[in-house]
1. Quote to one decimal, in nm, the extra length available between E162 and A5 on full extension: 0.36 nm per residue of separation minus the C-alpha distance between them.
2. Mind telling me which of L54, L166, L43 comes out most flexible in a GNM of the chain, alpha-carbon contacts under 10 Å?
3. Starting from the Cα gyration tensor of segment 27-169, multiply each eigenvalue by 5, take the square root, and state the resulting semi-axes largest first in whole Å.
4. Assuming 0.36 nm per residue, please report the length gained on full extension of the stretch L149 to E66 beyond their Cα-Cα distance.
5. Please report how many Lys pairs in the chain have alpha carbons closer than 15 angstrom, counting only residues at least 8 apart along the chain or sitting on separate chains.
6. Placing unit charges on C-beta atoms (Lys and Arg positive, Asp and Glu negative, everything else neutral), compute the dipole magnitude of the chain about its Cα centre in debye, rounded to 20.
7. How much of the accessible area of segment 44-150, in percent, comes from carbon and sulfur atoms when a 1.4 Å probe is used?
8. What three numbers, in Å, describe the spread of the alpha carbons of segment 13-96 along their principal axes, ordered from the longest?
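The values are calculated or read from the model by the stated rules, or taken from the named source; none is laboratory data. It should be emphasised that the depicted structure is a prediction, and the values quoted were computed from it without experimental measurement. Neighbour counts are summed over all protein chains in view; Cβ atoms, including those assigned to glycine, are modelled from backbone coordinates with ideal geometry. These area figures cover heavy atoms from the full protein model, side chains too; ligands, DNA and RNA do not enter into them. Shrake-Rupley method; radii C 1.70, N 1.55, O 1.52, S 1.80 Å.
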Amino acid sequence: MGDEAKKPIGVFDSGIGGLTVVRELVERLPNEEIVYFGDTARLPYGTKSPETVLRFSRQNLSFLKEKNVKLIVVACNTASSIALSTLVEEEEMPVVGVLLPGARAAASATRNGRVGVIGTTVPIRSGAYEAALREIQPGIEIWSLPCPLFVPLAEEGWLDNEITYLTAKSYLEPLASFGADVLVLGCTHYPLLTDVIGRVVGEDVTLVDSARETAVEVERILAERGLANPGDARGEIHVYVSDVPYLIREVGERFLGRPIERIERVSFQ
Ligand code: DGL
């Protein structure tokens with residue numbers, strides 16, 4: 001273990017929703033320094049073509065590499081479902097997506113082999129979660145649904161009001177007749193809606209938070225490769241974005257669960 005372990009962890013997302021992953025990383029690995037990049041000028045990724053998502057993801061990864069990081073987390077379900085395998089192939093350092101950790105946790109949590117997956121449109125329509133779940137457990141039955149309206153509701157801070165409840169009810173009622181005992185929250189924004197989603201699906205359905213499972217996976221990889229930061233000082237979090245939209249700090253702090261000291265704007269052009 002040398003200086004390598006003292007380097008920061010790089011995290012990118014299409015916007016600031018990926019701060020839910022940073023929140024979990026900070027929870028598990030408080031002494032790790034984190035460099036976060038949110039591509040706020042170009043979000044959402046969930047409606048873009050695969051070529052564009054890959055091109056943006058490569059640029060985001062290069063930016064983090066310039067910050068001298070030791071591991072990169074693709075904290076975006078869209079980029080994880082479209083671009084991750086290419087990034088892993090092209091890159092020498094570990095690159096971790098949010099999709100596989102969530103799929104693994106779901107496969108081990110289900111008792112009846114019936115799993116629900118929700119996310120934004122592209123990751124759900126891409127079938128990436130299905131493919132990952134079937135690879136882990138071939139006979140698994142999957143119900144999946146894009147729930148795009150959860151994204152603006154979480155950004156608005158409408159975490160558990162009547163409108164959010166009714167939206168969740170209308171999306172998730174079919175899950176009961178399918179009989180899933182696990183539901184994967186396959187979008188960066190959804191962990192904020194855990195209470196309302198839990199109320200709708202009932203306590204017999206285990207909610208799998210991809211952000212939390214990703215932090216578990218990062219901890220495992222760092223330990224395995226001798227890359228865990230040996231220091232005991234609290235790691236800093238550096239937040240970079242490609243645009244500074246209205247209310248970014250307020251929304252970002254809701255996702256991160258703590259104040260953001262500084263938000264720096266960067267441009268790739
Ligand atoms: N961060 C994205 C995800 O997890 C949601 C927002 C977007 O579509 O860019 O899929």
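1. Stretched out fully, the E162 to A5 stretch lengthens by 51.9 nm.
2. Sorting by GNM fluctuation, first place goes to L166.
3. Semi-axis lengths for segment 27-169 are 26, 21, 16 Å.
4. Additional length available on full extension: 26.4 nm.
5. 6
6. 280
7. The C+S portion of the solvent-accessible surface of segment 44-150 is 50 percent.
8. The Cα atoms of segment 13-96 stretch 37, 26, 20 Å along the principal axes, largest first.
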